[in-house]
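*Asks:* Below is a structure I'd like to ask you about.
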Amino acid sequence: MTDDQTRQWRLASRPTGEPTDENFELTTVDRPEPGPGEVLVRTLYLSVDPYMRGRMRDAESYAEPWGVGEPMEAGVVGEVAESNHDGFEPGHVVTGNLLWADHAVAGGDELRRVDPDLAPVSTALGVLGMPGITGYFGTTDVIDPDPGDTVVISAAAGAVGSVAGQVASLAGARVVGVAGSDRKCDWLTDELGFDAAVNYKTADDLGAAFDETSPEGIDGYFDNVGGPITDAVWERLNRNARVAVCGQISLYNATEQPTGPRKLSQLIQTRASVEGFLVGDYQDRWGHALERLGGFIQRGDLQYEETVTEGLEAAPDAFLGLFEGENIGKQLVKVGERKQG
C-alpha cells in the first residue's frame, strides 16, 4: 500500500444467522482528500458494537443498513491529518461516526474534540462515549433507582452494562450483574462493586439463581440481551418495577423470531413499566452525561475495562467475538498510534 492509499472494510454479503469472515472484505482504495469544511482523520481506535449486526440486514431498523459492497461505519477516535475546517488542526484528536478504515473524511460538524489529558483517548468510544452515555441515561432516566432498590443488569460485563450497574450502585441501589463467565462475574463483584453476579452459562436454573441473588424481588432491570435471562427476570419483577430495554443481543443472529412466554399480563399485576430507548434521543444532554461520568472516574467511583484487538485487519474478528462474549468492558480495535502531540 502506497502513502496515497488507505484500507477499508466493506460488507461483502449479508449474513444468514451468525456472521462469518466471508461477510467482510478488506479493500485498498485511494486515500480521500478533504473538501471545503472537511477533515481527514487517521484512525487510532475503532469501535465494534452489537447494534452493527442490525446494519448487516436489509431490513428496517433504527440504524440504516449498510449496502453490500459499501464501506462499513463505526465510532472512531482518530488524529486529524489534514483540515479544511477552522475548528480543527493537524494533530487534534477527534471522535465521530466514520469508517472501518485507516483514514476517512468527515465534515467538521460531524466531529467532536477529544481531550487527551482528561483520560486515555480510547475512552471516547467506551466509558466516555456512546456506550457509557447509554448506560448512564438508561439507568438515571429510565430505571431511576431509589436507594435500596434491587437492579439487575444483563450483559453486565460489557461496555454499557458495566457503566449502568455502577451508576445504579452510586444511586444507592443493590446491583446484580449477569455475565457469561466466572472471570466476568468476579470482575463485577470484586472490581466494580456489584453486590452479586449470576453466571448464566453455568446456572442450572436461572430463576433459582435470581431468587438467591435478589431475594426481595427486582425493582429495576437493564435489559441488554432478551431471551431466557429476561424471561427469568420478568417473573420476579416487583410492583412498579422499571425495565429499560437497550438491546436484545441473544436474538440478533436468529433466523426466525422465537416465541417466548406471554408477559403482558404480568405488567397488570406488577404495574411495571417497560421502556425501550436509544441513546440518540439524549443527544442534547450528552455534555451533562460526560461531565458526570468524567467526575465519577476522576473520583475513583467508576471503573472501566477495555478489550483491545490490534490491527485494522482484525476488526471482523473483534466484532464476531462480541457474540461469543469474549470481551470484558469495551471492545476496541487499535488501528494506529498518534504521530503528533
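*Asks:* Suppose all protein chains stay in the model; what accessible area per residue would a 1.4 Å probe give for the stretch 202-309, in Å²?
*Replies:* Per-residue value: 57 Å².
*Asks:* Here's another thing I want to ask about it. How would the stretch 168-218 be classified by its alpha-carbon gyration tensor: rounded, prolate or oblate, with rounded meaning a/c under 1.5 and the a/b versus b/c comparison settling the rest?
*Replies:* Judged from the Cα gyration tensor, the stretch 168-218 comes out oblate (a/c at least 1.5, b/c at or above a/b).
*Asks:* Debye sum, Cα scatterers, the stretch 1-92, no solvent: what log₁₀ I/I(0) at q = 0.17, 0.21 1/Å?
*Replies:* Results for the stretch 1-92 at q = 0.17, 0.21 Å⁻¹ read -0.87, -1.10.
*Asks:* Which percent of the accessible area of the stretch 202-242 is formed by carbon and sulfur heavy atoms (probe 1.4 angstrom)?
*Replies:* 42 percent
*Asks:* From the phi of every residue in the stretch 218-235, what ³J(HN,Hα) in whole Hz does the Karplus formula 6.51 cos²θ - 1.76 cosθ + 1.60 yield, where θ is phi - 60° and glycine or proline is x?
*Replies:* After applying 6.51 cos²θ - 1.76 cosθ + 1.60, I find 10, 9, x, 9, 9, 9, 9, 10, x, x, x, 5, 5, 4, 5, 5, 4, 6 Hz.
*Asks:* Which order do you get for L206, L312, L170 if you rank them by accessible area with a 1.4 Å probe, largest at the top?
*Replies:* So the residues, ranked largest to smallest area, are L170, L206, L312.
*Asks:* For the chain, divide the Cα radius of gyration by the Kirkwood radius and give the resulting Rg/Rh value with two decimals. All intermediate terms of the calculation are to be shown ahead of the outcome.
*Replies:* Working: Rg = 20.5 Å, Rh = 20.8 Å.
Reported Rg/Rh (Cα atoms, Kirkwood Rh): 0.98.
*Asks:* Roll a 1.4 Å probe over the protein heavy atoms and report the accessible area of R239 in Å², nearest 10.
*Replies:* Its heavy atoms expose roughly 150 Å² to the probe.
*Asks:* Also: With r as the distance between the Cβ atoms of D21 and E70 and R0 = 22 Å, compute the FRET efficiency 1/(1 + (r/R0)^6) and round to 0.05.
*Replies:* The pair E70/D21 has a calculated efficiency of 0.75.
*Asks:* How many percent of Cα pairs in the stretch 121-224 exceed 21 Å?
*Replies:* The calculated P(r) of the stretch 121-224 puts 27 percent of pairs beyond 21 Å.
*Asks:* From the protein chains alone at 1.4 Å, what is the descending order of accessible area for F323, F88, largest first?
*Replies:* F323, F88
*Asks:* Using only the Cα atoms, work out Rg/Rh for the stretch 1-43, with Rh taken as the Kirkwood radius, to two decimals.
*Replies:* Ratio of gyration radius to Kirkwood radius: 1.14.
*Asks:* By its C-alpha gyration tensor, with a ≥ b ≥ c as the square roots of the eigenvalues, how is the stretch 256-341 shaped: rounded for a/c under 1.5, else prolate for a/b larger than b/c, else oblate?
*Replies:* oblate
*Asks:* Hey, what number do you get for the chain at 222 nm if only DSSP H runs of n ≥ 4 count, each worth -39500 (n - 2.57), divided across all residues, to the nearest 500?
*Replies:* For the chain, the value works out to -5500 deg cm²/dmol.
*Asks:* Of H92, F24, V243, which is farthest towards the positive pole of the chain's charge dipole, taken about the Cα centre with +1 and -1 on the beta-carbons of Lys, Arg and Asp, Glu respectively?
*Replies:* The residue sitting farthest along the positive end of the dipole is V243.
*Asks:* Continuing with this model, one more query. In terms of the ratio Rg/(2.2 N^0.38 Å) built on C-alpha atoms, what value belongs to the stretch 187-332?
*Replies:* 1.21
*Asks:* Report in % the part of the accessible area of the stretch 67-134 that belongs to carbon and sulfur, leaving out ligands and nucleic acids; probe 1.4 Å. Kindly include the intermediate steps, with their values, before the conclusion.
*Replies:* Numbers: 1160 of 2510 Å².
Reported share for carbon and sulfur atoms: 46 percent.
The values are calculated or read from the model by the stated rules, or taken from the named source; none is laboratory data. Since the structure is predicted, the reported quantities are computational estimates derived from the model, not experimental observations. FYI the Cβ positions are ideal-geometry reconstructions off the backbone, even for glycines, and counts take in every protein chain you see. Areas reflect the complete protein model, heavy atoms only, side chains present, ligands, DNA and RNA absent. Shrake-Rupley method; radii C 1.70, N 1.55, O 1.52, S 1.80 Å.
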